[in-house]
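Below: the structure, in structure tokens.
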Amino acid sequence: METVQLNLKKGKDRSYDILIGSRIMDKIPLDLKRNNLGNRYLIITDSNLEGTHGKRLLSLMRKEVLSVSILSFKAGEKSKNLKVYGKLIEKLHELKLDRKSTIIALGGGVVGDISGFVAATYMRGINYIQVPTSLLATVDSSIGGKVAVDLSTGKNIVGAFYQPRKVYIDVSLLKGLPRKEILNGLSEAIKHALIMDKKLFNFIKKNLDNVLHIDEKTLIELVRRNCNIKANIVESDETESGLRKILNYGHTIGHALETLTGYSRYSHGEAIAIGMVVEGLIANKIGILSDEELRQQNGLIRQAGLPTKLPNINTNRFVDELKKDKKVVDGRTEFVLLREIGKAEYGVHASTEIIKKSIDQSK
């Protein structure tokens, strides 16, 4: 088993371990018991997982005589909203969870985001643990404490920075996932490589088939490298006042695309893949990213089987949507853009003309 530690010791120590391995779910209950992470536990999962991984974890915890319940909500991004959040909060109170109780977020990014936000706000904050079951959650969203829900007008608009107490990453849980779900996470892994680690970029290129065929040894290495990148960035800038902004590469365009298509046409990873292509073109047009580096980026995205083209959405409508992004400052959209593979810059502005041309060229 691999361990990556995320160190957050400024003020109150909020450091935690990220445990990475295969078939480690069986070890979670005993580890929780030994570390006394809660007097009661509540597993929050979705409707796709409740009868499989949820039922299994519930049984394993009860064998260790841990007090545990389970709640679920309808699977999908459309459930990551204030209405579902409110129902979960009320259910926690009905179950009489207190300040020493702990939530276990068992699922992909949607489950992790909404469960973490519930934990951050219930009784002004209780412990939570991440047990990601998707590649996207294992390489990205389960780490770093960004928790949120969506509004109909924008993604992740209501949220907080709230760190988990522990993250358990069991790559064996990825077995049987549809190829589309693997690609969803691979997109974020490619993003990490593009913004900070050219060696990881080359590793993904070399081992792409193994990743797509869910080879456990390859996945453990991929996840470990991504977790190290994410941990290093979060340690440096927990609340996204500086360096952590580079993790938003591809997300400015990607989030607008998700909103404009009602969170139903593209998975998050697919939207981010298209976002990276468009933002790569913006960087190229303002002269900071070479033609060759852009070709390499788009080549790997395409080779992975991720989409690279925008749908035929009105360009002016798209630009208007960008103005609603959380990263807008003084009415101007701030982009994260590449200077080269492995090096990104945040807070970059581009003219409306270049943004429009890049959008049009990407259709």
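The values are calculated or read from the model by the stated rules, or taken from the named source; none is laboratory data. Model, not experiment: these values are computed from the prediction. All Cβ positions, even for glycine, are placed from backbone atoms using ideal geometry, and neighbour counts span all protein chains on display. Only protein heavy atoms, including side chains, enter the accessible area calculation; ligands, DNA and RNA are left aside. Shrake-Rupley method; radii C 1.70, N 1.55, O 1.52, S 1.80 Å.
Worth pointing out:
- Listed by first and then second residue, the pairs with beta-carbon distance under 8 Å, at least 6 apart or on different chains, first residue in region 215-234 and at pLDDT 95 or above, second of a type in the set (Phe, Trp, Tyr), are Glu221/Phe203; Leu222/Phe203; Arg225/Phe203.
- A search for C-beta distances below 6 Å between a residue of region 248-267 that is over 16 Å from Glu77 (Cα atoms) and any residue that is in a loop (DSSP other than H, G, I, E, B) and at pLDDT below 95, counting only pairs 6+ apart in sequence or on different chains, returns Thr252/Asp325.
- Some residue of region 239-249 being open to solvent by 30 Å² or more (accessible area, probe 1.4 Å) and either assigned to a helix (DSSP H, G or I) or modelled with pLDDT of 95 or more (or both): yes
- Output for region 197-214, where each listed residue is among the charged types (D, E, K, R) and open to solvent by 60 Å² or more (accessible area, probe 1.4 Å): Lys198, Lys199, Lys205, Lys206, Asp209
- Qualifying position, being part of a helix (DSSP H, G or I), touching a Phe, Trp or Tyr at 6+ places or on another chain (Cβ under 9 Å), at negative phi and open to solvent by less than 20 Å² (accessible area, probe 1.4 Å), among Ile301, Ile359: Ile359
- Matching entry among Val234, Val277, Val211, Val223 (being touching a Leu at 6+ places or on another chain (Cβ under 9 Å), under 21 Å from His349 (Cβ atoms) and of a type outside the set (Lys, Arg)): Val277
- Subset of region 307-363 [basic (Lys, Arg) and touching a residue at least 12 places away in the same chain (Cβ under 8 Å)]: Lys309, Arg317, Lys324, Lys326, Lys327, Arg332, Arg339, Lys343, Lys356, Lys357, Lys363
For (1) under 28 Å from Lys12 (Cβ atoms); (2) open to solvent by 40 Å² or more (accessible area, probe 1.4 Å), each residue gets a yes or a no:
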residue	(1), (2)
Gly145	yes, no
Gly154	no, no
Arg179	no, yes
Asn184	no, no
Ala189	no, no
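- When residues of region 1-46 are limited to those that are more than 30 Å from Thr239 (Cβ to Cβ) and in contact with a Ser or Thr (Cβ under 6 Å, 6 or more places away or on another chain), the one surrounded by the most Cβ atoms within 10 Å (Cβ to Cβ): Ser22
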